Amino acid sequence: MTQELRDHLRKFVESTSVRGVSRIFKSKSPLLRIIWALAVISCGAMLVFQLIRIVNQYLRYEFSTVTKEDIWSQTVRKRLKQCLSLFS
């Protein structure tokens, strides 16, 4: 990479509003840099994992339709037919 591109990239990373990314470069301690880098990477990985999971769940669109006719509706239908037959 050219030096100019590195400078632009560093300036962007240091001033970005994405939480944690700027702390990777602003931290003085190498241990804190590693911890922040691992935190950002693990959060990004979790985001991708959950996104893939929810898209797969949406695309599967699991559903079940259970239809049954209960005794009450059968009785009502039978009585209604009897009533209607009286008028015909």
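The values are calculated or read from the model by the stated rules, or taken from the named source; none is laboratory data. Keep in mind the model is a prediction, meaning the values are calculated, not measured. Every residue, glycine as well, gets a Cβ built from its backbone with ideal geometry; the counts of neighbours run over all protein chains shown.
Among the residues of segment 26-34, is there at least one that is surrounded by 10 or more Cβ atoms within 10 Å (Cβ to Cβ), touching a helix residue (DSSP H, G or I) at 6+ places or on another chain (Cβ under 7 Å), in a loop (DSSP other than H, G, I, E, B) and modelled with pLDDT of 80 or more? Yes, the conditions are met somewhere in segment 26-34. If you check every pair at least six apart or on different chains, which have Cβ atoms under 7 Å apart with a residue in segment 1-27 that is more than 13 Å from Ala37 (Cβ to Cβ) first and a residue that is charged (D, E, K, R) and surrounded by 11 or more Cβ atoms within 10 Å (Cβ to Cβ) second? Pairs found: Glu14/Lys26. The residues of segment 37-88 that are at pLDDT below 90, in a helix (DSSP H, G or I) and among the charged types (D, E, K, R), listed by number, are Arg60, Arg77, Lys78, Arg79, Lys81.
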